[in-house]
Amino acid sequence: MSDELTLLAADGSVSSAVLNEVPGFAKPTGGLRSRVAFAAAHVAPLAWADNTPGQPAEIDWDATLAFRRSVYSWGLGVADAMDTAQRNMGLDAAAVRELIARSAQVAREEGGSVAVGVNTDHIDDEIISLEQIIDGYKSQLHHAEEHGAIPVFMASRHLARVAESTDDYRRVYRAVLDAATTPVVLHWLGTAFDPQLGGYFGSTDWREASQVVVDIIGEDPSKVSGIKMSLLDAAAEVSVRERLPEGVRMYTGDDFNYVGLIGGADVPQAEQPERAADTDRTHSDALLGAFAAITPVASAAIQALDAGDAARYYELLAPTEALSRQVFAAPTFYYKTGVAFLAWLNGHQPGFQMVGGLHSARSLPHLSRIVELANAAHALEDPTLAAQRWHDHLRVNGVTA
């Protein structure tokens, strides 16, 4: 097998890069200690299924669940049935429920931690009342609790459509949190990920909206174990992080700036927003789609933090941020294509297929740049396999060196 990668530019020209050797990262012998980290996992469909837009998802359960077992083997938790799993982009309500049940069973078998999305997206009507929104959330909440998963309250498109004031958000979240029997994680998803969520929590200004979030959590912090922020705004995340009640974690969902946010005060060489001088909240934990694409590297970096080696953490994780920025480049909501593409290159699914035909959502030059950056960041778990699959993909699409 060639020790070079063929790369494709936007103008159709080809070039080559040296293929890096196998990274050789070691799996942890116990759990990760210095940070809590979840990888938001994708789903793999059956290759022969009708993976066209609007059709029910037909999941390749062997590949989908094996990927989750791999994540657990690296010491990370799994965040499931969320936007990375194509929630609201091809994964229908029946598939969501089955995914949660199956993923929770795998978590029990592997001794891992699983957090799953709770939403109102099983309701087909676009406009519903606040009471119907509350009932919809509760229905999915109880399903998650029945399977022993950590519920993640995702932002509801229904609520974004009908809320007339911040009081409407407070009312809905208060009612649903009151119904929870176990601490939950809140999820604040920005418009880069879902344009239909504009003005969530009552304002398009994150400063005003964040106060509503902090107030909701502050009413009963025992109900909320953490919040995942996915605004792609590191300063906004740090601002909220510093105002959270004691015991409530900030899970970064910032796939552009996670190196500094996770490293925090322990990794001063990493770029990050200024912190308040008197704060003791100096880092974020992680719940990231990016970590599904770079699981071994993320694990090795956090293991380095566990060992007090901030320099090694930065050396390992810093190069992955350029890769993540490519995967999550605008239009950001198509990042799922890059996550599934890397899973295929790394041997975690038999074909580059996605529910709803979403594997067609990125161009060949975009994917080529992902290959180039993944190689540079040592995120190709089996470089020879990855190169073979990538070169086959180019040939199928009529590109030859």
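The values are calculated or read from the model by the stated rules, or taken from the named source; none is laboratory data. Quick caveat, the model's predicted, so the values are computed rather than measured. In this analysis, Cβ positions are derived from the backbone assuming ideal geometry, glycine residues included, and neighbour counts consider all displayed protein chains. Surface areas here come from the heavy atoms of the whole protein model, side chains and all, with no ligands, DNA or RNA. Shrake-Rupley method; radii C 1.70, N 1.55, O 1.52, S 1.80 Å.
Here is how the numbers come out for the structure above:
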read-out: Label point at E131 placed 7 Å out along Cα→Cβ; residues across the range 156-183 whose backbone nitrogen lies under 20 Å; value: 158-165, 167-180
read-out: Accessible area (Å², 1.4 Å probe, nearest 10) - R275; value: 80 Å²
read-out: Low-density loop positions, GluC sites (Glu not before Pro), the range 8-112 - DSSP coil, at most 13 other Cβ in 10 Å; value: E21
read-out: At most 11 other Cβ within 10 Å, DSSP loop - GluC sites (Glu not before Pro), the range 127-218; value: E164
read-out: Surface share of carbon and sulfur [accessible, 1.4 angstrom probe, percent] for the chain; value: 47 percent
read-out: Fluctuation leader among P331, P350, P45 - the chain, Gaussian network, Cα springs under 10 angstrom; value: P331
read-out: Top of A311, A270, A343 by mean-square fluctuation, Gaussian network on the chain, Cα under 10 Å; value: A311
read-out: Length-normalised contact order for the chain - Cα pairs under 8 Å, 6+ apart - percent; value: 21 percent
read-out: Length added when fully stretched, E146-E246, from 0.36 nm per residue minus Cα-Cα; value: 33.2 nm
read-out: Label-point separation, S139 to E315 (7 Å along Cα→Cβ), nm; value: 5.3 nm
read-out: In the range 218-299, GluC sites (Glu not before Pro) in a DSSP loop with at most 10 other beta-carbon atoms within 10 Å; value: E246, E274
read-out: Max mean-square fluctuation residue, GNM over the chain, Cα-Cα springs under 10 Å, options A79, A180, A94; value: A94
read-out: Residues R207 and E164, FRET efficiency given R0 of 22 Å [Cβ-Cβ distance, rounded to 0.05]; value: 0.60
read-out: Solvent-accessible area per residue, Å², over the chain with all protein chains present [probe radius 1.4 Å]; value: 39 Å²
read-out: Within the chain, percent of DSSP bridges classed antiparallel, to nearest 5; value: 20 percent
read-out: Principal axis box of the range 314-401, alpha-carbon based, largest edge first, Å; value: 37, 30, 25
read-out: More than 26 angstrom apart: percent of Cα pairs within the range 204-358; value: 32 percent
read-out: Axial C-alpha extent at least 15 Å, average Kyte-Doolittle at least -1.0 - helices from the chain (DSSP); value: 61-73, 93-110, 130-146, 166-179, 206-219, 295-306, 310-327, 335-345, 364-376, 383-396
read-out: Cα-Cα pairs of the chain separated by more than 32 Å (percent); value: 32 percent
read-out: Convex hull (Cα only) mean projected area of the range 170-295, reported in nm² to one decimal; value: 8.2 nm²
read-out: Pairwise centroid distance, computed over Cα atoms, of the range 132-159 with the range 347-366, Å; value: 29 Å
read-out: The range 115-193 - charge dipole about Cα centre, Lys and Arg +1 at Cβ, Asp and Glu -1, debye rounded to 20; value: 280 debye
